[in-house]
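The values are calculated or read from the model by the stated rules, or taken from the named source; none is laboratory data. Please read these numbers as outputs of a predicted model, since none were measured by experiment. Cβ placement follows ideal geometry from the backbone for every residue including glycine, while neighbour counts extend to all protein chains displayed. What goes into the accessible areas is simple: the full protein's heavy atoms, side chains included, and nothing from ligands, DNA or RNA. Shrake-Rupley method; radii C 1.70, N 1.55, O 1.52, S 1.80 Å.
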Amino acid sequence: MKIALLGYGKMGKEIEAIALQRGHQIVLKVDEHNASTFTQEELQSADVAIEFSTPHTVIENIKKCIAAKVPVVIGTTGWYEEFEMIQELCLQKEGSLFHATNFSLGVNLFFKVNSFLAELMNKYASYDVEMEEIHHIHKLDKPSGTAISLANQVLEKIERKKNWSITAQNPDTLYIKDVREGEVPGTHIIKYKSAVDDIEIMHKAHNRKGFALGAVLAAEFIIGKKGIFTMNDLI
Ligand SMILES: NC(=O)c1ccc[n+]([C@@H]2O[C@H](COP(=O)([O-])OP(=O)(O)OC[C@H]3O[C@@H](n4cnc5c(N)ncnc54)[C@H](O)[C@@H]3O)[C@@H](O)[C@H]2O)c1
(Lines give C-alpha, C1' and ligand atoms only; values in the text may rest on other atoms or scores of the structure.)
Protein backbone atom coordinates (compact mmCIF):
# COMPACT_ATOMS: atom_id res chain seq x y z
CA MET A 1 0.00 0.00 0.00
CA LYS A 2 1.01 3.62 -0.54
CA ILE A 3 0.41 5.51 2.71
CA ALA A 4 0.07 9.23 3.46
CA LEU A 5 0.98 10.09 7.07
CA LEU A 6 -1.02 13.10 8.22
CA GLY A 7 0.81 13.91 11.44
CA TYR A 8 4.48 12.88 11.64
CA GLY A 9 5.08 13.11 15.38
CA LYS A 10 5.55 10.34 17.99
CA MET A 11 2.79 8.19 16.52
CA GLY A 12 3.47 9.06 12.86
CA LYS A 13 7.05 7.85 13.22
CA GLU A 14 6.01 4.65 15.03
CA ILE A 15 3.45 3.93 12.29
CA GLU A 16 6.08 4.54 9.58
CA ALA A 17 8.39 1.94 11.17
CA ILE A 18 5.66 -0.72 11.32
CA ALA A 19 4.28 0.09 7.85
CA LEU A 20 7.75 -0.33 6.26
CA GLN A 21 8.25 -3.62 8.17
CA ARG A 22 4.97 -4.83 6.61
CA GLY A 23 6.20 -3.92 3.10
CA HIS A 24 4.20 -0.71 2.62
CA GLN A 25 5.46 2.64 1.20
CA ILE A 26 5.17 6.11 2.76
CA VAL A 27 4.43 8.52 -0.14
CA LEU A 28 3.56 11.63 1.91
CA LYS A 29 4.49 12.90 5.40
CA VAL A 30 2.67 15.94 6.74
CA ASP A 31 3.40 17.87 9.92
CA GLU A 32 3.06 21.48 11.11
CA HIS A 33 5.77 22.59 8.66
CA ASN A 34 4.09 21.52 5.42
CA ALA A 35 0.45 21.20 6.53
CA SER A 36 -0.66 24.25 4.59
CA THR A 37 1.23 23.39 1.40
CA PHE A 38 0.54 19.72 0.65
CA THR A 39 -1.70 19.31 -2.41
CA GLN A 40 -4.69 17.12 -3.23
CA GLU A 41 -2.56 15.50 -5.95
CA GLU A 42 0.07 14.52 -3.40
CA LEU A 43 -2.68 13.09 -1.17
CA GLN A 44 -4.19 11.19 -4.13
CA SER A 45 -0.82 9.50 -4.77
CA ALA A 46 -1.66 7.46 -1.64
CA ASP A 47 -4.00 4.45 -1.38
CA VAL A 48 -4.85 5.41 2.22
CA ALA A 49 -4.10 8.18 4.73
CA ILE A 50 -3.33 7.65 8.43
CA GLU A 51 -4.14 10.72 10.57
CA PHE A 52 -2.43 11.24 13.96
CA SER A 53 -2.07 15.01 14.29
CA THR A 54 -3.74 17.33 16.86
CA PRO A 55 -7.31 18.00 18.06
CA HIS A 56 -7.16 21.40 16.27
CA THR A 57 -6.03 20.11 12.86
CA VAL A 58 -7.73 16.72 12.46
CA ILE A 59 -11.08 17.97 11.09
CA GLU A 60 -9.42 19.86 8.21
CA ASN A 61 -7.34 16.79 7.34
CA ILE A 62 -10.38 14.48 7.35
CA LYS A 63 -12.24 16.88 5.05
CA LYS A 64 -9.25 16.94 2.66
CA CYS A 65 -9.21 13.11 2.53
CA ILE A 66 -12.96 12.87 1.88
CA ALA A 67 -12.69 15.54 -0.87
CA ALA A 68 -9.74 13.68 -2.43
CA LYS A 69 -11.62 10.34 -2.15
CA VAL A 70 -8.70 8.86 -0.16
CA PRO A 71 -9.70 6.41 2.63
CA VAL A 72 -8.59 7.73 6.03
CA VAL A 73 -7.69 6.04 9.32
CA ILE A 74 -8.05 8.49 12.25
CA GLY A 75 -6.22 8.06 15.52
CA THR A 76 -6.23 11.67 16.71
CA THR A 77 -8.33 12.22 19.85
CA GLY A 78 -10.09 15.26 21.30
CA TRP A 79 -12.39 15.94 18.29
CA TYR A 80 -15.38 13.67 18.82
CA GLU A 81 -17.85 16.48 19.50
CA GLU A 82 -17.60 17.00 15.71
CA PHE A 83 -18.11 13.29 14.96
CA GLU A 84 -21.70 13.56 13.74
CA MET A 85 -20.81 16.28 11.24
CA ILE A 86 -17.91 14.19 9.90
CA GLN A 87 -20.05 11.03 9.76
CA GLU A 88 -22.69 12.85 7.71
CA LEU A 89 -20.10 14.33 5.33
CA CYS A 90 -18.39 10.97 4.82
CA LEU A 91 -21.65 9.15 4.04
CA GLN A 92 -22.86 11.97 1.82
CA LYS A 93 -19.61 11.86 -0.22
CA GLU A 94 -19.43 8.03 -0.15
CA GLY A 95 -16.08 8.26 1.62
CA SER A 96 -14.12 5.67 3.63
CA LEU A 97 -13.24 6.38 7.26
CA PHE A 98 -11.89 4.24 10.10
CA HIS A 99 -11.72 5.85 13.55
CA ALA A 100 -10.68 4.66 17.03
CA THR A 101 -9.77 6.41 20.27
CA ASN A 102 -7.39 3.51 20.79
CA PHE A 103 -6.05 1.15 18.11
CA SER A 104 -4.29 -1.28 20.42
CA LEU A 105 -5.58 -4.86 20.49
CA GLY A 106 -5.05 -4.92 24.27
CA VAL A 107 -7.21 -1.86 24.92
CA ASN A 108 -9.98 -3.16 22.68
CA LEU A 109 -10.01 -6.41 24.69
CA PHE A 110 -9.98 -4.24 27.83
CA PHE A 111 -13.10 -2.43 26.54
CA LYS A 112 -14.91 -5.80 26.55
CA VAL A 113 -13.70 -6.57 30.11
CA ASN A 114 -14.75 -3.08 31.28
CA SER A 115 -18.24 -3.42 29.84
CA PHE A 116 -18.71 -6.90 31.32
CA LEU A 117 -17.52 -5.81 34.80
CA ALA A 118 -19.73 -2.71 34.78
CA GLU A 119 -22.77 -4.86 33.95
CA LEU A 120 -21.88 -7.12 36.89
CA MET A 121 -21.31 -4.24 39.32
CA ASN A 122 -24.57 -2.45 38.49
CA LYS A 123 -26.34 -4.68 41.04
CA TYR A 124 -23.94 -3.78 43.91
CA ALA A 125 -24.58 -0.19 45.06
CA SER A 126 -22.15 -0.66 47.98
CA TYR A 127 -19.37 -0.17 45.42
CA ASP A 128 -18.62 3.31 44.12
CA VAL A 129 -16.76 3.51 40.81
CA GLU A 130 -14.11 5.98 39.62
CA MET A 131 -11.42 6.10 36.96
CA GLU A 132 -7.82 7.23 36.59
CA GLU A 133 -5.87 7.84 33.40
CA ILE A 134 -2.13 8.54 33.27
CA HIS A 135 -0.34 10.00 30.20
CA HIS A 136 2.82 11.83 29.18
CA ILE A 137 3.12 15.58 29.86
CA HIS A 138 2.81 16.50 26.12
CA LYS A 139 -0.76 15.22 25.77
CA LEU A 140 -3.10 18.06 24.63
CA ASP A 141 -6.53 16.60 25.50
CA LYS A 142 -8.07 15.76 28.91
CA PRO A 143 -9.48 13.23 29.63
CA SER A 144 -7.92 10.88 27.07
CA GLY A 145 -10.13 9.63 24.24
CA THR A 146 -9.75 6.11 25.63
CA ALA A 147 -10.90 7.27 29.10
CA ILE A 148 -14.00 8.85 27.53
CA SER A 149 -14.78 5.57 25.70
CA LEU A 150 -14.31 3.57 28.95
CA ALA A 151 -16.43 6.07 30.93
CA ASN A 152 -19.27 5.93 28.40
CA GLN A 153 -19.26 2.12 28.73
CA VAL A 154 -19.55 2.41 32.54
CA LEU A 155 -22.39 4.98 32.24
CA GLU A 156 -24.20 2.63 29.83
CA LYS A 157 -24.24 -0.18 32.45
CA ILE A 158 -24.15 1.49 35.89
CA GLU A 159 -27.59 3.15 36.37
CA ARG A 160 -26.53 5.08 39.52
CA LYS A 161 -23.94 7.05 37.48
CA LYS A 162 -25.47 9.77 35.25
CA ASN A 163 -22.43 11.52 33.77
CA TRP A 164 -18.61 11.66 33.95
CA SER A 165 -16.43 14.58 35.09
CA ILE A 166 -12.75 15.39 35.61
CA THR A 167 -13.67 17.84 38.41
CA ALA A 168 -16.99 17.03 40.13
CA GLN A 169 -17.00 14.23 42.72
CA ASN A 170 -20.57 13.41 43.74
CA PRO A 171 -22.53 10.15 44.07
CA ASP A 172 -24.11 10.19 40.60
CA THR A 173 -20.99 11.39 38.75
CA LEU A 174 -18.21 9.10 37.48
CA TYR A 175 -15.05 10.96 38.47
CA ILE A 176 -12.05 10.65 36.11
CA LYS A 177 -8.69 11.56 37.65
CA ASP A 178 -6.25 12.83 35.00
CA VAL A 179 -2.54 12.41 35.72
CA ARG A 180 0.12 13.88 33.41
CA GLU A 181 3.63 12.69 34.17
CA GLY A 182 6.89 11.95 32.35
CA GLU A 183 6.64 10.04 29.07
CA VAL A 184 3.88 7.57 30.09
CA PRO A 185 2.38 6.12 26.82
CA GLY A 186 -1.07 5.48 28.40
CA THR A 187 -2.48 3.79 31.53
CA HIS A 188 -6.20 3.42 32.33
CA ILE A 189 -7.61 2.16 35.64
CA ILE A 190 -11.23 1.55 36.66
CA LYS A 191 -11.71 1.23 40.43
CA TYR A 192 -14.76 -0.18 42.27
CA LYS A 193 -14.41 0.82 45.93
CA SER A 194 -16.41 -0.35 48.99
CA ALA A 195 -15.97 -0.29 52.78
CA VAL A 196 -14.77 -3.92 52.76
CA ASP A 197 -12.72 -4.19 49.54
CA ASP A 198 -11.78 -2.71 46.16
CA ILE A 199 -11.87 -4.22 42.66
CA GLU A 200 -9.58 -2.67 40.04
CA ILE A 201 -8.92 -3.37 36.37
CA MET A 202 -6.03 -1.72 34.54
CA HIS A 203 -4.59 -1.46 31.03
CA LYS A 204 -1.00 -0.22 30.81
CA ALA A 205 0.66 0.44 27.44
CA HIS A 206 4.45 -0.08 27.58
CA ASN A 207 5.08 1.80 24.33
CA ARG A 208 3.26 3.06 21.20
CA LYS A 209 3.78 -0.10 19.09
CA GLY A 210 0.34 -1.53 19.90
CA PHE A 211 -1.42 1.64 18.75
CA ALA A 212 0.72 1.87 15.59
CA LEU A 213 0.21 -1.78 14.57
CA GLY A 214 -3.55 -1.44 15.02
CA ALA A 215 -3.58 1.69 12.83
CA VAL A 216 -1.68 -0.08 10.02
CA LEU A 217 -4.01 -3.11 10.26
CA ALA A 218 -6.95 -0.70 9.99
CA ALA A 219 -5.38 0.86 6.86
CA GLU A 220 -4.96 -2.59 5.28
CA PHE A 221 -8.60 -3.36 6.22
CA ILE A 222 -10.21 -0.22 4.78
CA ILE A 223 -8.74 -0.44 1.25
CA GLY A 224 -11.59 -0.96 -1.25
CA LYS A 225 -14.32 -0.38 1.37
CA LYS A 226 -16.83 2.50 1.61
CA GLY A 227 -18.39 3.74 4.85
CA ILE A 228 -17.40 4.20 8.49
CA PHE A 229 -15.53 1.56 10.47
CA THR A 230 -14.22 1.01 13.98
CA MET A 231 -12.12 -1.59 15.82
CA ASN A 232 -15.26 -3.71 16.28
CA ASP A 233 -15.12 -4.30 12.50
CA LEU A 234 -11.47 -5.37 12.74
CA ILE A 235 -11.38 -7.48 15.93
N1 LIG B 1 -6.08 6.28 18.68
C2 LIG B 1 -4.94 5.84 19.24
O3 LIG B 1 -4.69 4.62 19.37
C4 LIG B 1 -3.92 6.85 19.70
C5 LIG B 1 -2.70 6.43 20.27
C6 LIG B 1 -1.74 7.41 20.60
C7 LIG B 1 -2.02 8.78 20.37
N8 LIG B 1 -3.23 9.12 19.84
C9 LIG B 1 -3.57 10.52 19.50
O10 LIG B 1 -2.89 10.83 18.28
C11 LIG B 1 -2.59 12.23 18.22
C12 LIG B 1 -1.08 12.41 17.93
O13 LIG B 1 -0.34 11.87 18.99
P14 LIG B 1 1.28 11.98 18.99
O15 LIG B 1 1.73 11.39 20.27
O16 LIG B 1 1.85 11.48 17.70
O17 LIG B 1 1.44 13.59 19.06
P18 LIG B 1 2.70 14.47 18.57
O19 LIG B 1 2.51 15.82 19.19
O20 LIG B 1 3.97 13.73 18.79
O21 LIG B 1 2.49 14.59 16.96
C22 LIG B 1 1.53 15.41 16.38
C23 LIG B 1 2.10 15.81 15.01
O24 LIG B 1 1.09 16.51 14.27
C25 LIG B 1 1.79 17.49 13.50
N26 LIG B 1 0.84 18.49 12.98
C27 LIG B 1 0.54 19.73 13.45
N28 LIG B 1 -0.36 20.34 12.64
C29 LIG B 1 -0.64 19.43 11.65
C30 LIG B 1 -1.51 19.42 10.53
N31 LIG B 1 -2.28 20.48 10.23
N32 LIG B 1 -1.56 18.34 9.72
C33 LIG B 1 -0.79 17.26 10.00
N34 LIG B 1 0.06 17.20 11.03
C35 LIG B 1 0.13 18.26 11.85
C36 LIG B 1 2.82 18.06 14.44
O37 LIG B 1 3.83 18.72 13.70
C38 LIG B 1 3.31 16.76 15.11
O39 LIG B 1 4.38 16.22 14.33
C40 LIG B 1 -3.06 12.80 19.57
O41 LIG B 1 -4.38 13.31 19.43
C42 LIG B 1 -3.10 11.56 20.49
O43 LIG B 1 -4.03 11.70 21.55
C44 LIG B 1 -4.19 8.20 19.52
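With Cβ to Cβ distances under 15 Å as the rule, what net charge do the other residues near I59 carry (K, R +1; D, E -1)? Spell out each step's value before the answer.
Numbers: positive: K63, K64, K93; negative: E51, E60, E81, E82, E84, E88, D141.
Summing Lys and Arg as +1 and Asp and Glu as -1 gives -4.
Tell me the angle of helix 10-21 to the major Cα principal axis of the chain, expressed in degrees between 0 and 90 and rounded to the nearest ten.
Computed tilt is about 60 degrees.
For F98, list long-range residues whose amide hydrogen, built 1.01 Å from N in the peptide plane, is under 5 Å from its own amide hydrogen.
Amide H neighbours of F98: V72, V73, I74, F229.
Given the DSSP H assignment, sum -39500 (n - 2.57) over each helix run of at least 4 residues in the chain and divide by its residue total; what's the result at 222 nm in deg cm²/dmol, nearest 500? Could the numbers behind the result be given before it?
Numbers: 8 runs with 86 residues, N = 235.
-11000 deg cm²/dmol, from helical runs alone.
Would you report the distance distribution of C-alpha pairs in the chain as whole percents per 5 angstrom bin, up to the bin with the largest distance?
Going from the shortest bin to the longest, the percentages are 1, 6, 14, 17, 18, 15, 11, 8, 5, 3, 1, 0, 0.
Kindly rank 27-36, 13-22 from highest to lowest mean number of other beta carbons found within 10 Å of each residue. Please list the in-between numbers first.
Values: 27-36: 14.7, 13-22: 17.1.
Ranked from most to least packed, the peptides come out as 13-22, 27-36.
Give me the extension gain from N207 to S126: residue separation times 0.36 nm, minus the current Cα-Cα distance, reported in nm with one decimal. Don't skip to the answer; put the middle values down first.
Working: separation 81, 0.36 × 81 = 29.16 nm, distance 3.61 nm.
Taking N207 through S126 to full extension adds about 25.5 nm, to one decimal.
Which FRET efficiency, nearest 0.05, do E156 and M1 yield, Cβ-Cβ r, R0 30 Å?
Values: r = 36 Å, r/R0 = 1.19.
With a Förster radius of 30 Å, E is 0.25.
Between D197 and S115, how high is the FRET efficiency from 1/(1 + (r/R0)^6) when r is the Cβ-Cβ distance and R₀ = 25 Å? Nearest 0.05. Kindly include the intermediate steps, with their values, before the conclusion.
Numbers: r = 22 Å, r/R0 = 0.87.
Once the sixth-power term is evaluated, E becomes 0.70.
Can you list the residues of segment 101-129 with backbone N under 17 Å from a point 7 Å past the Cα of I166, pointing along Cα to Cβ?
101-102
Please report, for the Cα atoms of segment 105-204, the Rg to one decimal and the Dmax as a whole number; what are they, in angstrom?
Reported Rg and Dmax, both Å: 13.0, 39.
Can you give me the angle between helix 209-222 and the longest principal axis of the chain, using Cα atoms only, in degrees from 0 to 90, rounded to the nearest 10?
60 degrees
Compute the long axis of helix 58-68 from its Cα atoms, compare it with the longest principal axis of the Cα atoms of the chain, and write down the angle in degrees, 0 to 90, nearest 10.
Taking Cα atoms only, the helix is inclined about 40 degrees.
Taking amide H positions as placed in the peptide plane 1.01 Å from N, state which residues far from T77 in sequence (5 or more) or on other chains have amide H under 5 Å from it.
Hits under the 5 Å cutoff: none.
Of K162/K209; K10/K204; K123/K204; K29/K64; K139/K177, which ones are farther than 25 Å apart at the Cα?
Working: K162/K209 35 Å; K10/K204 18 Å; K123/K204 28 Å; K29/K64 15 Å; K139/K177 15 Å.
From the list (K162/K209; K10/K204; K123/K204; K29/K64; K139/K177), the Cα-Cα distance tops 25 Å for K162/K209; K123/K204.
Quick one: among I158, I137, I66, which has the greatest mean-square fluctuation in a GNM of the chain with alpha-carbon springs under 10 angstrom?
In the Gaussian network model the winner is I137.
Keeping every protein chain present and rolling a 1.4 Å probe, give me the accessible area per residue for segment 55-174 in Å².
On a per-residue basis, 48 Å².
Taking the mean number of other Cβ atoms within 10 Å as a proxy for protection, how do you rank 42-48, 175-181, 82-88 from highest to lowest?
Working: 42-48: 18.9, 175-181: 15.4, 82-88: 12.7.
Top of the packing list down: 42-48, 175-181, 82-88.
Where both residues lie in the chain, what percent of DSSP beta bridges are antiparallel, nearest 5?
Working: 14 of 40 bridges.
Roughly 35 percent of the DSSP beta bridges within the chain come out antiparallel.
Determine the dipole magnitude for segment 105-204: charges of +1 sit on the beta-carbon of Lys and Arg, -1 on that of Asp and Glu, nothing else is charged, the reference point is the Cα centre, and the result goes in debye to the nearest 20. Could the numbers behind the result be given before it?
Numbers: 13 positive and 15 negative charges, 34 e Å.
The calculated dipole for segment 105-204 is roughly 160 debye.
Please state the relative contact order of the chain as a whole percent: Cα pairs under 8 Å, 6+ residues apart? Let's see the in-between values first.
Working: 442 pairs, mean separation 51.1, N = 235.
Answer for the chain is 22 percent.
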